[in-house]
């Protein structure tokens with residue numbers, strides 16, 4: 001069970017806690033309906049509602065839309081019905097007072113299995129949730145060690161005099177998708193010690209496993225910038241539905257959602273190994289997968305130096321070019 005919310009939480013307690021995020025008419029004039037602390041509390045309580053399978057106290061707007069793994073659901077369905085208990089102590093919240101949004105990546109137990117979940121919550125001017133988005137994926141046993149508690153950088157504050165402003169954080173987060181799209185690691189300000197985790201797997205950084213980094217005599221660079229510049233990710237044809245929606249100057253965290261498209265019909269392409277050797281990648285010798293999409297969530301930690309030190313990501317496989325769930329035609 002998460003330490004911040006007792007399992008016996010009732011709908012009445014949820015209602016009372018979440019109602020505090022709704023501002024009066026006077027508050028709406030003076031500032032946002034939900035300040036930073038309110039957004040953090042709202043997110044914790046939302047997660048608790050999933051863990052306790054009780055959505056009754058969540059302050060949804062009458063116009064609220066909820067999308068889970070690309071499909072529209074109603075409150076009480078999806079994770080609310082399938083979650084069988086709390087997860088580990090892994091929990092990272094990205095509150096955004098300016099945008100009136102909040103994001104979260106953490107763990108629950110879904111159908112008895114450890115599951116990583118990402119959330120996006122968007123509030124209306126009254127402090128009610130008008131959009132909620134859930135992404136989830138099962139975490140393999142070999143990756144659970146990385147999903148017990150967050151890395152220190154993800155839950156630490158940036159010194160007040162060194163904090164990046166909100167809009168610059170959003171811009172920095174968006175640069176990750178450009179760096180991937182253009183196979184150019186210089187387009188995001190990666191720190192030398194940057195480490196990327198995906199569903200608990202370490203996929204970039206000094207501790208990364210083989211993954212797409214190459215094996216044998218000519219491995220591909222493992223650092224966050226060098227890996228992208230090697231062009232090893234060229235098989236990702238495009239990145240759609242990009243939404244960098246939350247940034248928190250206090251922690252230097254910025255969060256985005258996207259949908260990676262992998263038609264797996266690419267022509268052979270050249271990859272530069274760490275030692276400078278040129279390697280040809282093709283569907284015959286690399287990435288032997290059927291076409292698929294990867295809806296994903298990323299949290300980036302921008303430190304006092306303005307560079308990205310930690311990336312925490314999760315995603316799940318979906319059919320190629322699957323609808324996002326937000327199209328108007330998907331109304332249920």
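Can you list residue pairs whose Cβ atoms sit under 6 Å apart, with the first residue in the range 136-156 being within 12 Å of residue 87 (Cβ to Cβ) and the second being in a helix (DSSP H, G or I)? Count only pairs 6 or more apart in sequence or on different chains.
What qualifies is 139/147.
Matching residues to (1) outside any strand (DSSP E or B); (2) modelled with pLDDT under 95:
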position	(1), (2)
8	yes, yes
15	yes, yes
23	yes, yes
43	yes, no
47	yes, no
55	yes, no
62	no, no
67	no, no
75	yes, no
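The rows are residues; the columns are (1) under 16 Å from residue 180 (Cα atoms); (2) under 24 Å from the mean Cα position of the chain (by Cα).
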site: 240; (1), (2): yes, yes
site: 256; (1), (2): yes, yes
site: 283; (1), (2): no, no
site: 319; (1), (2): no, yes
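Quick one: how many residues across the range 77-86 are out of contact with any helix residue (DSSP H, G or I) (no Cβ under 6 Å at 6 or more places or on another chain) and either within 11 Å of residue 134 (Cβ to Cβ) or part of a helix (DSSP H, G or I) (or both)? Break it down stepwise before answering.
Here is the first cut: in the range 77-86, the residues out of contact with any helix residue (DSSP H, G or I) (no Cβ under 6 Å at 6 or more places or on another chain) are 77-78, 81-82, 84-85.
Right, trim to either within 11 Å of residue 134 (Cβ to Cβ) or part of a helix (DSSP H, G or I) (or both) and you get 77-78, 81-82.
Qualifying residue count, the range 77-86: 4.
Suppose the filter is part of a strand (DSSP E or B), more than 24 Å from residue 68 (Cα to Cα) and modelled with pLDDT of 95 or more; does residue 102 pass it? First the steps, then the outcome.
On the way: part of a strand (DSSP E or B): yes; more than 24 Å from residue 68 (Cα to Cα): no; modelled with pLDDT of 95 or more: yes.
Considered against the rule, which asks whether it is part of a strand (DSSP E or B), more than 24 Å from residue 68 (Cα to Cα) and modelled with pLDDT of 95 or more, residue 102 comes out as no.
Answer yes or no as to whether residue 168 is modelled with pLDDT of 95 or more and not assigned by TED's automatic domain parsing to the domain that holds residue 274. Steps first, answer last, please.
Values: modelled with pLDDT of 95 or more: yes; not assigned by TED's automatic domain parsing to the domain that holds residue 274: no.
It is false that residue 168 is modelled with pLDDT of 95 or more and not assigned by TED's automatic domain parsing to the domain that holds residue 274.
I'd like to check which strands (runs of 3 or more DSSP E) are fully inside the range 209-315 and have at least 3 residues that are touching a strand residue (DSSP E or B) at 6+ places or on another chain (Cβ under 9 Å) and surrounded by fewer than 22 Cβ atoms within 10 Å (Cβ to Cβ).
Numbers: elements: 238-248, 253-262, 269-272, 278-281, 292-302, 308-315.
Fully inside the range 209-315 and qualifying: 238-248, 253-262, 269-272, 278-281, 292-302.
The values are calculated or read from the model by the stated rules, or taken from the named source; none is laboratory data. None of these values were measured; they are calculated from a predicted model. Ideal geometry is used to build each Cβ from the backbone, glycine not excepted, and the neighbour counts take in all protein chains shown.
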